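The values are calculated or read from the model by the stated rules, or taken from the named source; none is laboratory data. Just so we're clear, the structure is a prediction, and the values are computed from it rather than from any experiment. When we count neighbours, we look across all protein chains shown, and the Cβ atoms used for this are built from the backbone with ideal geometry, even at glycine.
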């Protein structure tokens, strides 16, 4: 859902009602109560209530499906600049503003436009927003004379506040986590992120326990006395353990200014350097809302090096105790640490224009490869594809195992289905070991897919990676430390703009 451009949000509240006019009064009561709580006077509350009544009647009248099987979501937002914003989400038939008649009291055929005339007169700002596969949104801004609501008070904690600091000095030590530590790890995730953490297994004790028992997840804890104050994890995708993901670092807010961060950093270095299971490479996802994690990962042993930038990959988590400018979704920077040389002598580009950046990305990891611009039509008909989907992150990856003649039809259908079901970020990986179709670059562009780097599958295989975001991308908010990653991002932005895709300013 859209968020205000300013940082003055006092509070927001939601209600959902059915597409049935009997619920309009319920919504009006909800809006009137919140308007009064904000500080609106009787006349202002009445005008806002009338606005809601007119808009809901319009939305409900045009709805064509089962009215009791769907919901209208109404969000009320109060801002410190004396603005009340109301957003009404509608999944009914498209709204065509140009087809709403201009009301004329002398023309009874224009009566259907009366509600729109009233709404625009009462609101300070009134717009329709096409949310594409998410339906439509009516956004209403209404100025009020006074704000009486205050978010401060003895019984109210500001968003992101740090719990009262305990005595944090004294000896701290590290140790491997056991299944008995699950409650403490879940508590740590909550105290660090509340319920905004992207890895849902850190809220699921049974799943985390299973991963530890199967030796697919090795977690190192930091303890202060008997309290778990920090942790990080090494996750292996399968029992072969040829690769591992380094991540899940978290520190209790009251300990962030002390030595806990340095302890985690040293333990990560020790683990990667020791490489106890002799895996071929480690990888990690670094955030791009700041460059701190990128710089730290770049200093681990031989250094984690960037290969891929996934636009709007995940909802940005809420870091308790850290004030930051809110963004809709976090772009992920995928970085790799090789423990051996790649065994890949050549790869085939989707287009010759990518050759230079591909060479630079691979050279950054201390390897070189022969990038060839040779093309051929697939011999096989079908395109086997692996799907990895996260409904909580609204993110999906399609891994093309081998390219067949039906690749475009197959891929476009999968992407359409994913976006229709609520996915907001899509990644597609394409094998580079054999020549690809001559028209592949153009057809990927037709699907709004942008080249975003490389995905290392094994020391023998590296894939081309493309991404798509249904939300506008704010390239200015993506902060990168490594020069090659900045060059890749610049090329992605150019491709995005040439394709006419949505960019948020």
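Every listed requirement among (1) in a helix (DSSP H, G or I); (2) in contact with a helix residue (DSSP H, G or I) (Cβ under 7 Å, 6 or more places away or on another chain) is met by residue 490 save one, (2). Condition test on residue 168, is it touching a helix residue (DSSP H, G or I) at 6+ places or on another chain (Cβ under 7 Å), assigned to a loop (DSSP other than H, G, I, E, B) and surrounded by fewer than 19 Cβ atoms within 10 Å (Cβ to Cβ)? It is true that residue 168 is touching a helix residue (DSSP H, G or I) at 6+ places or on another chain (Cβ under 7 Å), assigned to a loop (DSSP other than H, G, I, E, B) and surrounded by fewer than 19 Cβ atoms within 10 Å (Cβ to Cβ).
Screening the candidates 421, 410 for the property of being under 26 Å from the mean Cα position of the chain (by Cα) and modelled with pLDDT under 95 yields one hit, 421.
Would you check which residues across the range 386-433 are touching a helix residue (DSSP H, G or I) at 6+ places or on another chain (Cβ under 9 Å), buried (at least 17 other Cβ atoms within 10 Å of the Cβ) and assigned to a strand (DSSP E or B) and list them? Across the range 386-433, the qualifying residues are 396, 398, 400, 426, 428, 430.
Residues that are assigned to a helix (DSSP H, G or I) and buried (at least 16 other Cβ atoms within 10 Å of the Cβ) were ranked within the range 446-486; the one that is farthest from the chain's Cα centre (by Cα) is 484. For the range 213-255, a tally of residues being part of a loop (DSSP other than H, G, I, E, B) and more than 25 Å from the chain's Cα centre (by Cα) returns 10. The set of residues in the range 361-385 that are out of contact with any helix residue (DSSP H, G or I) (no Cβ under 9 Å at 6 or more places or on another chain) and not in a loop (DSSP other than H, G, I, E, B) comprises 362, 370.
Could you tell me whether residue 250 is in contact (Cβ under 8 Å) with a residue 60 or more places away in the chain and not assigned by TED's automatic domain parsing to the domain that holds residue 337? In short, yes. Within the option set 488, 454, 436, 444, being farther than 19 Å from residue 359 by Cβ, at pLDDT 95 or above and in contact with a strand residue (DSSP E or B) (Cβ under 9 Å, 6 or more places away or on another chain) holds for one residue only, 444. Within the range 326-343, restricting attention to residues that are touching a strand residue (DSSP E or B) at 6+ places or on another chain (Cβ under 8 Å) and farther than 21 Å from residue 428 by Cα, the residue that is modelled with the lowest pLDDT is 328.
Within the range 149-160, can one find any residue that is at pLDDT 75 or above and farther than 30 Å from residue 422 by Cβ? Checked the range 149-160: at least one residue is at pLDDT 75 or above and farther than 30 Å from residue 422 by Cβ. When residue 79 is tested against (1) closer than 27 Å to residue 38 by Cβ; (2) touching a helix residue (DSSP H, G or I) at 6+ places or on another chain (Cβ under 6 Å), only condition (2) is not met.
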